[in-house]
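Here is the structure we will look at, set down as structure tokens.
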Amino acid sequence: MPASSLPDNAPLIVIDLQTGMFDGVHEPPIHDAPGIVERTKAVIDWARGGGRKVAFVRHDGPEGDPLAPDQPGWPVWPALGQAADEPTFAKFVRDAFSNPAFGDWVAGAGAVVLLGAQTDFCVAATIKGAIARGLGVTVVSDAHSTLDNASESAEQVIIRHNGEFAEAGVNLVTTKALVGG
């Protein structure tokens, strides 16, 4: 489905774009971190401007993890400009739908727009969770990221997963195509 045919009530879900993904304290920043911030902010502005709901998903790691509650890497990255009325849903596993409150928040939408981190973990799992619930899924193909792994660069992981997402029936759209300009 092209961006223009997205249901008006499809909310934007920002997955795990937390301080620890950008600050470089415990791991390198995610691939193209400055670009991810810029594109994410553009998509958030698009969603807000269209009256769409926006939610943030935050991974709550176990004690001792850089993404554990109250650790410096845990908060949503402040540069994204989360509004006070935009909820944050915690999760302890990869799929955001593991949090029943998140599922309730999305209920009735019929479709979702997703972006965030990490492509090969929480983004992929949340896409699968949305599909399993019968939701239409649009992924902003240039606004999700990850880290290099032992066999692939982050860029290769992102390209491979975009292909896998498309094969699963996900609508891929670039930031520019979604927000215009």
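Structure data summary
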item	result
Carbon/sulfur fraction of accessible area - the chain, other protein chains in place, 1.4 Å, %	54
Given charges at Cβ of Lys, Arg, Asp, Glu: the chain dipole, positive-most of 134, 26, 123	134
Solvent-accessible heavy-atom area per residue, rounded to whole Å², over segment 101-179 at 1.4 Å	40
FRET E, pair residue 107, residue 151, Förster distance 25 Å, beta-carbon r, rounded to 0.05	0.05
Relative compactness, segment 1-51, computed as alpha-carbon Rg over 2.2 N^0.38 Å	1.40
Positive-end extreme of charge dipole, the chain - chosen from 114, 78, 171 (charges on Cβ)	171
Projected-area average for the chain over all orientations - Cα convex hull basis, square nanometres	9.7
Long-range HN-HN contacts of residue 14 with modeled amide H, under 5 Å	55, 56, 57
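The values are calculated or read from the model by the stated rules, or taken from the named source; none is laboratory data. Every value quoted in this text rests on a predicted model; they were computed, and no experiment measured them. Neighbour counts are summed over all protein chains in view; Cβ atoms, including those assigned to glycine, are modelled from backbone coordinates with ideal geometry. These accessible areas exclude ligands, DNA and RNA; they are computed on the full protein's heavy atoms, side chains included. Shrake-Rupley method; radii C 1.70, N 1.55, O 1.52, S 1.80 Å.
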